[in-house]
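Written out below as structure tokens is the structure these notes cover.
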Amino acid sequence: MTEHKFGGTWTEIKLSRLQKYLGFYTQALKNAHQHYGWSLSYIDAFAGTGECVVQGRELPIAGSAKIALETKPAFDQYIFIDERSEHVDALQLLSTSYPDKNIKIYNEDANSRIIKICESIDWKKNRAVIFLDPYGMEVKWDTLECVAKTQAIDVWYLFPLSGLYRQAARKYTSVSDDKAKAIDELLGTSEWRTAFYEAPAQSDLFDSDPSAERTMQWDDLLKYVREERLKSIFAEVSNPMILPNSGVPRFALFFAVSNPGPAAVGLSMKVANHILKSD
């Protein structure tokens, strides 16, 4: 199998949180699955190879795809997406170890495939958990909107906090057109320009005043992402887990519920918040 090296201690932390939630999810929906005839799916948008070698470890650990396949009770369907052909080859090999599982593997851009999935499935008869663990800032806002509109998908999203912080340079004049476009696509709005930056009195930010600077630090950016953006489309969004939990943070692990039903929101958020706060 292709060796997939990446991450650090935070990799194991995020995977352990995902593993705990998947076990809760399939168990909690077991009766509803039988009563309503729902089909339960696990969607992994950046699935990797199924295993990973974390920095500081010699032996590989189970990645998100393998964790999902080992979850009991089982999902009815597993959808693995990765744009890298070598990862897809490894996933195909992994799937042969689970001949009883309904596994679909796509060598494709995650955003386009997720939108196709969301628009092609009857969500009155289906429920899903999606894991968004991008390599960088690949997850587009349009994709998140499509997921939220299903009102049937629970979301774990490893948000690229350090990527946003770097792209939103301290000086507004240092934010190139390419960087601005990347942030627009990540957040789904251009309003971050006036939310993140402040120009001197009687100056126009969009005239690229050289003295305009970002007034938000990383924790302010994170609050903006949750309060102003994610909560604008999802029924509820957790306070994120900061990863790593020491030094300069690189990621923020969010949980979001798309089902607006009070019972669904209450139970899912209670469990997810407990998992995020657990050691």
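The values are calculated or read from the model by the stated rules, or taken from the named source; none is laboratory data. On a predicted model such as this, the values are computed, not experimentally measured, just so you know. Cβ coordinates were reconstructed from backbone atoms using ideal geometry, including for glycine residues, and neighbour counts include every protein chain displayed.
Brief remarks on what is shown
- Evaluating Lys179 against the criteria (1) at pLDDT below 95; (2) of a type outside the set (A, V, I, L, M); (3) under 24 Å from Thr143 (Cβ atoms) leaves one unmet condition, (1).
- The lone exception for Asp122 - which of (1) buried (at least 21 other Cβ atoms within 10 Å of the Cβ); (2) out of contact with any strand residue (DSSP E or B) (no Cβ under 8 Å at 6 or more places or on another chain) it fails: (1)
- Qualifying residue in segment 92-114 (condition: of a type in the set (A, V, I, L, M) and under 22 Å from Val225 (Cβ atoms)): yes
- Looking across segment 234-279, the residues that are touching a Lys or Arg at 6+ places or on another chain (Cβ under 8 Å), within 30 Å of Thr194 (Cα to Cα) and either of a type in the set (Val, Ile, Thr) or assigned to a loop (DSSP other than H, G, I, E, B) (or both) come down to Val237, Asn239, Pro240, Pro244, Ser258.
- Of all the residues in segment 80-113, those that are touching a strand residue (DSSP E or B) at 6+ places or on another chain (Cβ under 7 Å) and either without any contact (Cβ under 8 Å) to a residue 12 or more places away in the chain or crowded, with 18+ Cβ neighbours inside 10 Å (or both) number 10.
- Pick from segment 197-248, criterion at pLDDT below 95 and among the aromatic types (Phe, Trp, Tyr), ranking: surrounded by the most Cβ atoms within 10 Å (Cβ to Cβ): Tyr197
- Some residue of segment 130-137 being farther than 23 Å from Leu40 by Cα, aliphatic (A, V, I, L, M) and in contact with a Gly (Cβ under 9 Å, 6 or more places away or on another chain): yes
- Looking across segment 143-153, the residues that are of a type outside the set (A, V, I, L, M, F, W, C) and either touching a Leu at 6+ places or on another chain (Cβ under 7 Å) or farther than 17 Å from Ala47 by Cα (or both) come down to Glu145, Lys149, Thr150, Gln151.
- Pick from segment 117-161, criterion in a helix (DSSP H, G or I) and touching a Ser or Thr at 6+ places or on another chain (Cβ under 8 Å), ranking: farthest from Asp219 (Cα to Cα): Cys118
- Filtered residues of segment 62-79 (kept if in contact (Cβ under 8 Å) with a residue 12 or more places away in the chain, touching a helix residue (DSSP H, G or I) at 6+ places or on another chain (Cβ under 9 Å), surrounded by fewer than 20 Cβ atoms within 10 Å (Cβ to Cβ) and not basic (Lys, Arg)): Ala62, Pro73, Ala74, Asp76
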